[in-house]
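Notes follow once the structure below has been shown.
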Amino acid sequence: MSEDQNTVVLSGNVGHVDDVQYSGDMPRLRIRFASNRRAKGRDGAWGEETMWCTTTVFGGRAEPLGRLLQKGDKICVSGELVVRTYDKKDGTTGVDVCVERSSVVLMGGKREGGERRDNARSSGGNPGGGYSDFPADDFGDSDVDLDGTIPF
């Protein structure tokens, strides 16, 4: 029998980015993001539901993503879906949806003002929100050829 597959791809908006932390010399970045969907409620009316998810990025991409990401940025996360329950302070049971062993991709789009988390560099009027301030090789373990050609 073949192994079961547990792979999800979610897109959403960043809600919170922790500071980069280290386990020994391994950088780690925790990201909370919201993914919305349109659904019909019990009353038959259509509405929007928001699901909050957590993902953790390890290694070479943690530090540059920690500098780049800010609340409201659009990202796409792929990895293994894990759902955990926990006891809340009020005695109810909470659910934490996580994407583990994840890959995080910036989906771009224009930012609505504001500065990056590090506040060290200005966006210089770049309509992409200053992403070009960071060199492509800053992502370390990326295997994408960024020489300007389209890979397909």
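The values are calculated or read from the model by the stated rules, or taken from the named source; none is laboratory data. Keep in mind that this is a model prediction, so the values were computed, not measured. Here the Cβ positions follow ideal geometry from the backbone for every residue, glycine too, while neighbour counts run over all protein chains shown.
If only residues of the stretch 1-18 that are not in a strand (DSSP E or B) and not polar (S, T, N, Q) are counted, the one that is nearest to the chain's Cα centre (by Cα) is 18.
Screening residue 102 with (1) out of contact with any strand residue (DSSP E or B) (no Cβ under 9 Å at 6 or more places or on another chain); (2) modelled with pLDDT under 90 gives one miss only, at (1). Sort out which residues of the stretch 77-95 are in a strand (DSSP E or B) and among the polar types (S, T, N, Q), and write them in order of number. Matches in the stretch 77-95: 78, 85, 93.
Would you check if there is a residue in the stretch 66-76 being over 15 Å from residue 10 (Cα atoms) and part of a strand (DSSP E or B)? The answer is no; no qualifying residue exists. Annotation note: Cβ proximity below 7 Å between a residue of the stretch 22-35 that is closer than 16 Å to residue 104 by Cβ and a residue that is surrounded by fewer than 11 Cβ atoms within 10 Å (Cβ to Cβ) and modelled with pLDDT under 95 (sequence gap 6+ or interchain) occurs for 28/22.
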